[in-house]
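These notes are about the structure you will find just below.
The values are calculated or read from the model by the stated rules, or taken from the named source; none is laboratory data. None of these values were measured; they are calculated from a predicted model. Every residue, glycine as well, gets a Cβ built from its backbone with ideal geometry; the counts of neighbours run over all protein chains shown.
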Amino acid sequence: METESLLSSVKWEIIKELSKEKQSPLQLAAKTSTTMANISQQLRILEAAGLVDKKKIPNRDKGKPRTLFFIKRPSAYLVLFSDRFADKRLFETSREDEAVIKTLMVRNPDARRLFQKAYWRLEKELPNIEVIAILEKEGKYELAIISRNSEEIEKIIAPLRRETINTGGVKITVSSSRKVLRQNREINVILIHNPEGYFEDRDNNRIEEVVK
């Protein structure tokens with residue numbers, strides 16, 4: 001099956017819902033405003049394509065197992081067309097791939113370039129970093145980095161911070177406190193590094209703190 005068919009219409013809505021959390025067919029039917037029969041059919045197609053998987057959990061109310069579906073593995077569908085090159089491909093992504101692709105979602109090209117440079121500069125320090133998040137509000141972007149080793153991170157990021165002086169609406173901040181990422185309904189958030197799951201992205205890319 002063509003990838004475009006796998007990512008169209010109801011299937012895409014299912015994938016978006018499952019990216020938030022594991023869900024049952026009944027939950028998916030309600031959230032996508034479609035029938036259980038249609039949801040079941042679409043889930044079978046996505047499962048056969050290797051994009052989603054399922055597991056059964058006890059259902060205490062009815063005494064029968066309940067099936068939950070989830071994203072099987074991180075993947076990206078990349079389309080690139082330029083002078084003398086055009087290709088498209090669905091592929092599994094590593095944590096690094098995912099981080100870089102998420103920076104490509106930033107609309108501001110200056111912010112996009114700086115955030116990619118920052119991520120690779122911090123590559124060796126990633127084990128010491130709790131969270132890296134892109135925050136966007138009214139067209140202004142901030143790369144928020146949270147680490148207990150904030151002084152060392154600050155040294156690494158300092159050259160890029162100087163670049164932001166000449167880049168309007170873009171900044172980079174380093175902190176040792178997770179309070180800078182408390183839920184804010186007016187800020188759109190893209191988590192590009194969150195290995196310990198300190199935050200969950202559940203509501204239209206807005207952060208909810210799960211560890212106080």
Residue match in the range 55-64 (condition: in the same structural domain as SER8 (by TED's automatic domain parsing) and surrounded by 15 or more Cβ atoms within 10 Å (Cβ to Cβ)): no
Count of the range 95-140 residues which are more than 16 Å from the chain's Cα centre (by Cα), farther than 20 Å from LEU80 by Cβ and among the basic types (Lys, Arg): 5
Count of the range 90-101 residues which are farther than 13 Å from ILE192 by Cα and touching a residue at least 40 places away in the same chain (Cβ under 8 Å): 1
Condition met for VAL10 (at pLDDT 95 or above and either over 20 Å from the mean Cα position of the chain (by Cα) or surrounded by 16 or more Cβ atoms within 10 Å (Cβ to Cβ) (or both)): no
So GLU163, is it surrounded by fewer than 15 Cβ atoms within 10 Å (Cβ to Cβ), at pLDDT 75 or above and either over 30 Å from LYS22 (Cα atoms) or touching a Cys at 6+ places or on another chain (Cβ under 6 Å) (or both): no
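Quick check on THR67: is it over 27 Å from ASN149 (Cβ atoms), part of a loop (DSSP other than H, G, I, E, B) and either polar (S, T, N, Q) or touching a helix residue (DSSP H, G or I) at 6+ places or on another chain (Cβ under 9 Å) (or both)?
Details: over 27 Å from ASN149 (Cβ atoms): yes; part of a loop (DSSP other than H, G, I, E, B): no; either polar (S, T, N, Q) or touching a helix residue (DSSP H, G or I) at 6+ places or on another chain (Cβ under 9 Å) (or both): yes.
No: the conditions fail for THR67.
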Within the range 80-110, tally of residues that are acidic (Asp, Glu) and in a helix (DSSP H, G or I): 4
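One line per residue, one yes/no per condition, for (1) of a type outside the set (D, E, K, R); (2) in the same structural domain as LEU18 (by TED's automatic domain parsing); (3) free of Cβ contacts under 8 Å to residues at least 60 places away in the same chain:
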residue	(1), (2), (3)
TYR77	yes, no, no
THR103	yes, no, no
ASN108	yes, no, no
GLN116	yes, no, yes
LYS124	no, no, yes
GLU136	no, no, yes
GLU142	no, no, yes
LYS171	no, no, yes
ASN188	yes, no, yes
